[in-house]
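The values are calculated or read from the model by the stated rules, or taken from the named source; none is laboratory data. Predicted model only: the values in this text are computed from it and were never measured. Here the Cβ positions follow ideal geometry from the backbone for every residue, glycine too, while neighbour counts run over all protein chains shown.
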Amino acid sequence: MLKAELLADDGILIVHPQAPLAAEDFRSVAAVVDPYIESHGKLHGILIQADKFPGWQDFASFVSHLQFIRDHHKVVAKVAAVSDSSFLSIAPSIASHFVRAEVKHFPASDYAAALNWLKTGVPT
């Protein structure tokens, strides 16, 4: 399960993975962000807040995740991973090879700093 909230005024998507990710999660998130991207041209940032990375429900869910990244990575400026999870702390190093976005890890206690970093450079 993936909860998603779009801060439309800032062009920032906040996602909270709470259980193994399902293919439907990525369709739901796309339904939220695609209209915004269509009207604004891009998403300023994505904030991923998670205690730990929950994995995927199945292989189809993993493929849906990859398709979501493929379809959106060119229109997202920054990604902040907010977590104390060791997997999510190395994710920026891995992701930098596959996405155009600037990706940065923040400890779980630095949620506000992560959000501020995403807002940096956002037109007002």
>> Among the residues in region 4-16, are any over 20 Å from residue 102 (Cα atoms), modelled with pLDDT under 90 and not in a helix (DSSP H, G or I)?
In response: no
> Yes or no: residue 49 under 28 Å from residue 120 (Cβ atoms), out of contact with any Leu (no Cβ under 6 Å at 6 or more places or on another chain) and of a type outside the set (A, V, I, L, M, F, W, C)?
Replying inline: yes
> Quick one: how many residues across region 65-87 are hydrophobic (A, V, I, L, M, F, W, C) and in a helix (DSSP H, G or I)?
Replying inline: 5
>> Filter region 88-124 down to the residues that are part of a loop (DSSP other than H, G, I, E, B) and either modelled with pLDDT of 80 or more or touching a helix residue (DSSP H, G or I) at 6+ places or on another chain (Cβ under 9 Å) (or both) and list them by number.
In response: 98, 99, 100, 101, 107, 120
> If we keep just the residues of region 34-65 that are farther than 22 Å from residue 112 by Cα, of a type in the set (A, V, I, L, M) and surrounded by 13 or more Cβ atoms within 10 Å (Cβ to Cβ), which is modelled with the highest pLDDT?
Replying inline: 37
>> Consider region 27-55. How many of its residues are basic (Lys, Arg) and in a helix (DSSP H, G or I)?
In response: 1
